[in-house]
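Participant: Below are the structure tokens for one structure; questions will follow.
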Amino acid sequence: MKTKKHLLSLTIACACGVYLPTALAQTEKEAKATPKRGAAQIMLEEIKVTARRKSAAEELQDVPVAVSALSSEQLEAAFVEDLTEVGAMAPNVALDPVGTVPGAASFFIRGMGVNSSVISDDPAVGVFVDGMYLGIPYGTLTDTFDLESVEVLRGPQGTLFGKNVTGGAVLLRSKRPTGEYGFKVKAAIGDYDRRDLSIAAEAPLIEDKLAAKIAILSKDHSGYFDNDATGNEVGDEKSLVIRPSATWTPTDDFTLNLIAEIGDQTLDGAPANSTIDKTGSAQVSVEEDQMLPHDFAAESDIEWKQVIAEGVWDLEQGSITTTLAWRDFEQSMGADIDGTDQPVFHFSDHSGATQDQLSFELVYAASINERLDITSGFYYFDQDVDYRESRIIFGGAVLQAANGKLEHSAMGAFIQGDYRLSDEWSLTLGGRYTREDKDALIASLGECNFEVTECTYSQNPDESWTSFTPKVGLQWRLAEEAQLYYSWTKGFRSGGFNLRNGSPTTPAGPYDQEEVQAQELGLKWDFLDGNGRLNVALYRNEFSDLQRTVLDQEARQTILNAADAVIQGGEVDFTWLLTEQLVLIASVGYTQAEYDSFEGLDVNGDGSADPEIAKDLDLVRVPEWNRSLSLTYDLPLGDAGLLTFRSAYQFTDERAGNEINSFTLDQYEVYNASVTYTSPDDSVRVSLFGKNLKNEYYAPLGFDTSLFQIEYAAPPRTWGVEVTYEY
């Protein structure tokens, strides 16, 4: 039996692609009649996305929104393993790890993100897994196995998505059971003792009524870097993820999807590389021989459980979708923060976090008539967070510990309408009202014992924030294959409290909410009889009360409403099917970011704010230029199958490493390549792949204190062989 992927509508576009089931799967007879296509042609097939949350998925080229997307097939073709690599394929997107906390995210889109590992910082880029918003940055750097699609929405999402964000949103959709028998196994081996195995199996339990599926992922590799101080390695990872799911269709007009997940991950502490010797210790250059001088063997253990229940009612006019989601997360962590061979600054294994969240969303979407589409809904979110941190400084000469607890709830109501003024013009109007409540209990550094079992909670702040975020958009259909669009929208990120408070004498908050007014002008154009595609977006985002996380020279973090800023730029996605077997995909992003004002920042380290100097600083981790390029070539082997060759290139410009611009993260280039053999019946694929082929040292982020300056090194050159079998 052919795999279910041939029974779904495939959709690919832009610098990436996406496929989603448009409605019901094809029949087995129709699937067998479908000719096999190479990867090059798949890049330009029909596109369906859910960015506007309508009752049916829309073609990407029809939506007046800047979206990059990646399908299951494209994920596999590019050997994408996690969201970091997804971000490398989209303009002005950086989905990087946070560094100090393994598995945590520090995502930036269009220059907006959070440059810290403070767990209570609301993400500026929201991650939504099957409709469930992930409430903290920890455990957010998810793997991409068994996903149906990834959509990256660039810019503030002020109306339609549950937890409002000011940078963008990343939407992950798991593969659902198809109602047919299917099996897929993928195994990979490679250098650094890599051993990966994923299995997915599904079957109908009650014909046309109940289907079930289970997907399992196991990953294991040794450290990417030699530890020059202790002789061991840095960067080990072991992961196990189990994802059972079921689809129940008791009637023709109701479907219930249940998706559960259990995960367990063990990671080394982040590979920190000390770039400036401030301790008198001997340093070894990672760039030269891939060694790191860590004296502290840090390890992080992550466990999570989650259940998502999605119900869909098809009505005579439109549909109602409800999503009830629960997630429980726990992480213990140690870290060699200073990245040297001296005991300067460590997180002990008493450090860690727990989080429990519950959310519910109800969405009604319908085409009211030939001219008007409506999407409206209600959203509720609640989470409890407990963060503990235990610091070892100068080998135990100074021991500090802190604890922060947070109760956080949010509610929102939203509506958006698209009205077709004529065959060529459409108007979009929408709005969302949001209220967020936060209640914190905080013991600052020095108010807990080293094991974080006894604390004095000197601060118990609480606060509420409300916001109304409207949207106005205008779409002009130039021709069947081209459109221009313009949108203006507001976005906000709620205020909060610093759960990693540095001193009992320093208020943990509240800091106020961050707001943005965003404008976007875009062009989407298919040309050369559908063999080419050009998407262009220009944007201008004006921020007020910009939240900035400032690190002092003693590595204590303070969160301020420090600045007003303007971030503007442009993006180009280009796809061209040069021949039936060869496709070129390119993207370019440009960003110009400037402060209008920056209050409260001590640039000179003299204890007083320097607003005149601060407003001329570069925004942290905002590259001026980024670009990507890939070529995919299919070589048909007749009855013997197909060979696919792929090469890819990514460039990221230099960026300010911190708020006071005391160091710079260098520009970098990454080259990847692969060759894949596919059997004539598509059941077997064998691939050889390599990543970072130039073995370039680069660091997505770092920070600077009076004792050390460090960068967090990305993986060096890796290679592997992957074998996939499915039916």
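Participant: Can you go through 659, 726, 669, 654 and tell me which one is surrounded by fewer than 19 Cβ atoms within 10 Å (Cβ to Cβ) and in contact with a helix residue (DSSP H, G or I) (Cβ under 9 Å, 6 or more places away or on another chain)?
Facilitator: The conditions single out 726.
Participant: In this structure, is residue 586 surrounded by fewer than 19 Cβ atoms within 10 Å (Cβ to Cβ), in contact with a Ser or Thr (Cβ under 9 Å, 6 or more places away or on another chain), among the small types (Gly, Ala, Ser) and at negative phi?
Facilitator: Considered against the rule, which asks whether it is surrounded by fewer than 19 Cβ atoms within 10 Å (Cβ to Cβ), in contact with a Ser or Thr (Cβ under 9 Å, 6 or more places away or on another chain), among the small types (Gly, Ala, Ser) and at negative phi, residue 586 comes out as yes.
Participant: Having 3 or more residues that are over 30 Å from residue 364 (Cβ atoms) is the bar; report the strands (runs of 3 or more DSSP E) wholly within region 119-238 that clear it.
Facilitator: 182-190, 194-206, 210-221, 225-227
Participant: Condition check: farther than 16 Å from residue 325 by Cβ, in contact (Cβ under 8 Å) with a residue 40 or more places away in the chain and not aliphatic (A, V, I, L, M). Does residue 131 satisfy that?
Facilitator: The answer is no for residue 131.
Participant: Spot the failing condition for residue 208; the list is (1) within 30 Å of residue 335 (Cβ to Cβ); (2) at pLDDT below 95, and only one is missed.
Facilitator: (1)
Participant: Right, next: Scan region 392-399 and give yes if some residue there is without any contact (Cβ under 8 Å) to a residue 12 or more places away in the chain, within 25 Å of residue 503 (Cβ to Cβ) and not in a loop (DSSP other than H, G, I, E, B), otherwise no.
Facilitator: Within region 392-399, one or more residues are without any contact (Cβ under 8 Å) to a residue 12 or more places away in the chain, within 25 Å of residue 503 (Cβ to Cβ) and not in a loop (DSSP other than H, G, I, E, B).
Participant: Could we say that residue 108 is in contact with a helix residue (DSSP H, G or I) (Cβ under 9 Å, 6 or more places away or on another chain), touching a residue at least 40 places away in the same chain (Cβ under 8 Å) and of a type in the set (Phe, Trp, Tyr) here?
Facilitator: Taking the combined requirement at face value, the residue satisfies it.
Participant: Does residue 693 satisfy the criteria of being surrounded by fewer than 20 Cβ atoms within 10 Å (Cβ to Cβ) and outside any strand (DSSP E or B)?
Facilitator: Considered against the rule, which asks whether it is surrounded by fewer than 20 Cβ atoms within 10 Å (Cβ to Cβ) and outside any strand (DSSP E or B), residue 693 comes out as yes.
Participant: What residue, of 195, 243, is free of Cβ contacts under 8 Å to residues at least 60 places away in the same chain and of a type outside the set (S, T, N, Q)?
Facilitator: Only one candidate passes the filter, namely 195.
Quick grid of which residues meet (1) over 26 Å from residue 512 (Cβ atoms); (2) touching a residue at least 12 places away in the same chain (Cβ under 8 Å); (3) assigned to a strand (DSSP E or B); (4) of a type in the set (A, V, I, L, M, F, W, C):
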site: 544; (1), (2), (3), (4): no, yes, yes, no
site: 559; (1), (2), (3), (4): no, yes, yes, yes
site: 562; (1), (2), (3), (4): no, yes, yes, yes
site: 566; (1), (2), (3), (4): no, yes, yes, yes
site: 569; (1), (2), (3), (4): yes, yes, yes, no
site: 573; (1), (2), (3), (4): yes, yes, yes, no
site: 576; (1), (2), (3), (4): yes, yes, yes, yes
site: 580; (1), (2), (3), (4): yes, yes, no, no
site: 583; (1), (2), (3), (4): yes, yes, yes, yes
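Participant: Go through the residues of region 361-372 one by one and say whether even a single one is within 30 Å of residue 484 (Cβ to Cβ) and without any contact (Cβ under 8 Å) to a residue 12 or more places away in the chain.
Facilitator: Yes.
Participant: If you go through region 418-471 one residue at a time, how many are among the aromatic types (Phe, Trp, Tyr) and either touching a residue at least 60 places away in the same chain (Cβ under 8 Å) or assigned to a loop (DSSP other than H, G, I, E, B) (or both)?
Facilitator: Selection size over region 418-471: 2.
Participant: To continue, here is another question. Checking the condition at pLDDT below 95, small (Gly, Ala, Ser) and either closer than 24 Å to residue 503 by Cβ or in contact with a Pro (Cβ under 9 Å, 6 or more places away or on another chain) (or both), which residue from 404, 334 passes?
Facilitator: It is 334.
Participant: Still on this model: Given the conditions (1) more than 24 Å from the chain's Cα centre (by Cα); (2) surrounded by 16 or more Cβ atoms within 10 Å (Cβ to Cβ); (3) of a type in the set (D, E, K, R), report the number of the one that residue 681 does not fulfil.
Facilitator: Unmet condition: (2).
Participant: Could I ask something else about it? Can you say whether residue 93 is out of contact with any Leu (no Cβ under 8 Å at 6 or more places or on another chain), touching a residue at least 12 places away in the same chain (Cβ under 8 Å), surrounded by 24 or more Cβ atoms within 10 Å (Cβ to Cβ) and among the aliphatic types (A, V, I, L, M), as far as the supplied structure shows?
Facilitator: Yes: the conditions hold for residue 93.
Participant: Among the residues of region 472-493, which ones are surrounded by fewer than 21 Cβ atoms within 10 Å (Cβ to Cβ) and aromatic (Phe, Trp, Tyr)?
Facilitator: 476, 486, 488
Participant: A further question on this structure: Given the residues 469, 505, which is the only one that is surrounded by 16 or more Cβ atoms within 10 Å (Cβ to Cβ) and among the hydroxyl-bearing types (Ser, Thr, Tyr)?
Facilitator: Unique residue meeting the criteria: 469.
Participant: Within region 151-187, take every residue that is farther than 20 Å from residue 321 by Cα and β-branched (Val, Ile, Thr) and give me the one that is nearest to the chain's Cα centre (by Cα).
Facilitator: So, considering only residues that are farther than 20 Å from residue 321 by Cα and β-branched (Val, Ile, Thr), the one nearest to the chain's Cα centre (by Cα) is 152.
Participant: So is residue 498 out of contact with any helix residue (DSSP H, G or I) (no Cβ under 7 Å at 6 or more places or on another chain), closer than 30 Å to residue 158 by Cβ, of a type outside the set (Ser, Thr, Tyr) and buried (at least 16 other Cβ atoms within 10 Å of the Cβ) or not?
Facilitator: The answer is yes for residue 498.
Participant: Also: Report, by residue number, each residue of region 181-198 that is surrounded by fewer than 17 Cβ atoms within 10 Å (Cβ to Cβ) and either among the small types (Gly, Ala, Ser) or out of contact with any Ser or Thr (no Cβ under 9 Å at 6 or more places or on another chain) (or both).
Facilitator: 181, 187, 189
Participant: Name the single residue that is nearest to the chain's Cα centre (by Cα) among those in region 518-565 being basic (Lys, Arg) and either surrounded by fewer than 21 Cβ atoms within 10 Å (Cβ to Cβ) or under 26 Å from residue 588 (Cα atoms) (or both).
Facilitator: The qualifying residue nearest to the chain's Cα centre (by Cα) is 540.
Participant: If residue 581 satisfies every condition in (1) surrounded by fewer than 21 Cβ atoms within 10 Å (Cβ to Cβ); (2) out of contact with any helix residue (DSSP H, G or I) (no Cβ under 7 Å at 6 or more places or on another chain); (3) closer than 24 Å to residue 45 by Cα; (4) among the polar types (S, T, N, Q) but one, which is the exception?
Facilitator: (2)
Participant: Follow-up question, since we're still on this one. What residue, of 116, 120, 149, is modelled with pLDDT under 90 and of a type outside the set (A, V, I, L, M, F, W, C)?
Facilitator: Criteria check complete, one pass: 116.
Participant: Do you know which residues across region 560-601 are acidic (Asp, Glu) and more than 23 Å from residue 535 (Cα to Cα)?
Facilitator: Residues satisfying the conditions are 564, 594, 596, 599.
Participant: If you take the residues in region 479-497 that are among the charged types (D, E, K, R) and part of a strand (DSSP E or B), which one is nearest to residue 510 (Cα to Cα)?
Facilitator: Once the filter is applied, the top-ranked residue is 493.
Participant: Could you pull out the residue among 227, 164 that is modelled with pLDDT under 95, buried (at least 20 other Cβ atoms within 10 Å of the Cβ) and touching a His at 6+ places or on another chain (Cβ under 6 Å)?
Facilitator: Checking each option against the conditions leaves just 227.
Participant: Here is a further query. Within region 342-373, how many residues are among the charged types (D, E, K, R), part of a strand (DSSP E or B) and farther than 24 Å from residue 324 by Cα?
Facilitator: 2
Participant: Further question on the same structure: Among the residues of region 622-667, which ones are part of a strand (DSSP E or B) and without any contact (Cβ under 8 Å) to a residue 24 or more places away in the chain?
Facilitator: Matches in region 622-667: 649, 664.
The values are calculated or read from the model by the stated rules, or taken from the named source; none is laboratory data. Model, not experiment: these values are computed from the prediction. No Cβ is skipped: glycine too gets one built from the backbone with ideal geometry, and neighbour counts run over all protein chains shown.
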